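One structure is given here, and the rest of the page talks about it.
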Amino acid sequence: MTFAQAAALHMQRIEKNVGIKRRTRVYWAQTLAALFKHWPEVAAMEIKRITGNVCRDWAARYAKIASSTRYNNTLSLVKHVIDIAIENGVVYSNPATGLDRKTVRPKRLELSTRSQFAAFVAEMRSAHSRDSQNCADFVQGLAFTGCRISEAAQIEWRDLDFEAGEIFVKGDPEEGTKNGEVRRVPTIPQARELLKNMRTGRGDEPGSAKVFLVRHSQKSMSRAAKKIGMTRITHHDLRHFFATVSIESGVDIPTVSRWLGHKDGGALAMRTYGHLRREHSVAQAQKVTFAPVNPPEVSDPVSIDAPLRLDEQTEKKATSSRQPPRAAKSWTAAIDDEQSKTTAKRSSTGARGSASRFSS
């Protein structure tokens with residue numbers, strides 16, 4: 001079995017896998033074509049003759065010209081193709097297993113400033129080509145919503161809820177969004193103004209009509225960026241631009257992550273946008289201080305002669321109404337009291353007897 005034969009079997013599996021999206025299948029086909037272009041002799045090579053040294057020689061050459069992501073994905077493809085031969089009993093081990101992946105370093109985002117973006121869009125609108133206005137609308141739509149290019153291209157007029165201020169993002173009709181879920185994205189003021197103006201100018205279109213009349217505008221974007229001296233940006237950079245401006249405006253990263261359609265709770269957004277832009281980071285750093293904080297001053301101390309509050313008056317009245325408990329009498333005092341009562345009783349009896357003798 002040659003490498004090309006095993007690769008054909010692997011690609012058939014990818015085509016039959018209903019869980020793999022069309023764009024992903026296209027990507028793997030492009031990756032295989034790039035592999036054969038860089039390593040043409042491997043196509044006719046018997047897999048049992050592909051040794052670890054052969055794989056390492058190819059990896060050393062390819063790592064010098066390919067990006068980390070492209071190299072890692074191509075290496076995975078080579079391993080999967082040889083696994084097909086293992087399943088068919090051609091070989092018993094995979095010589096590419098020991099090859100190391102390249103470290104993927106985060107791409108440094110080179111985004112425009114807000115003033116540059118305004119000039120960028122104005123230059124696109126002034127190009128006077130057939131789709132100048134449509135391309136500018138598409139660029140602003142991507143920047144103001146954070147949608148992926150494939151998602152924005154599928155937005156219809158009925159997906160816009162101007163009353164609720166939301167856009168219903170459903171993605172490709174067959175495959176949906178990238179993560180397979182639909183979402184509602186709130187419209188920022190600039191997005192609402194853009195979409196309302198577009199709808200006013202095309203009010204006779206049905207609800208099923210597409211909002212954006214173009215699906216890409218890279219040529220127009222590159223021309224405008226060069227004309228105003230701005231770094232070239234791509235459609236996906238506009239999604240980064242939306243996220244960065246939202247975070248710089250005070251929106252928390254988990255919320256921005258939900259707007260973008262991420263399902264990781266903000267982990268990817270934190271890695272991508274956590275650094276923000278240099279000027280914003282420097283401005284925020286000026287808010288940090290280690291100066292001691294003075295204790296708050298008492299502005300209105302309570303006076304001793306101040307009138308009592310209602311609750312204090314109630315407490316004072318309740319306290320005064322309570323009488324102190326009577327002290328227990330000693331045993332001598334109790335005897336004296338008893339003798340006094342007896343003497344008083346005898347005196348009273350004698351007085352009554354004398355009175356009766358005088359009366360008789």
*Scan segment 182-239 for residues that are of a type in the set (Ser, Thr, Tyr) and in a helix (DSSP H, G or I) and jot them down.*
THR200, SER220, SER222
_So, in segment 117-175, exactly how many residues are in contact with a Leu (Cβ under 9 Å, 6 or more places away or on another chain), without any contact (Cβ under 8 Å) to a residue 40 or more places away in the chain and in a loop (DSSP other than H, G, I, E, B)?_
1
*asked:* Just to verify a result, which residue in segment 84-109, among those that are part of a helix (DSSP H, G or I) and in contact (Cβ under 8 Å) with a residue 12 or more places away in the chain, is surrounded by the fewest Cβ atoms within 10 Å (Cβ to Cβ)?
replied: ILE84
_Of the conditions (1) in contact (Cβ under 8 Å) with a residue 40 or more places away in the chain; (2) in a helix (DSSP H, G or I); (3) among the small types (Gly, Ala, Ser), ALA60 satisfies every one except a single condition; which number is it?_
(1)
*asked:* Take ALA8 and tell me if it is outside the structural domain of THR231 (by TED's automatic domain parsing), touching a Ser or Thr at 6+ places or on another chain (Cβ under 9 Å) and either over 30 Å from ALA243 (Cα atoms) or of a type in the set (Lys, Arg) (or both).
replied: no
*Return a yes/no flag: does segment 214-230 have any residue that is among the small types (Gly, Ala, Ser), touching a Phe, Trp or Tyr at 6+ places or on another chain (Cβ under 8 Å) and within 27 Å of THR24 (Cα to Cα).*
yes
*asked:* I need a count of the residues in segment 49-73 that are over 23 Å from SER93 (Cβ atoms) and of a type in the set (Gly, Ala, Ser).
replied: 3
_Quick check on ARG258: is it under 15 Å from GLN140 (Cβ atoms), part of a helix (DSSP H, G or I) and among the charged types (D, E, K, R)?_
no
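The values are calculated or read from the model by the stated rules, or taken from the named source; none is laboratory data. These numbers come from a predicted model, not from an experiment. Glycine also receives a Cβ, built like all others from the backbone with ideal geometry; neighbour counts cover every protein chain displayed.
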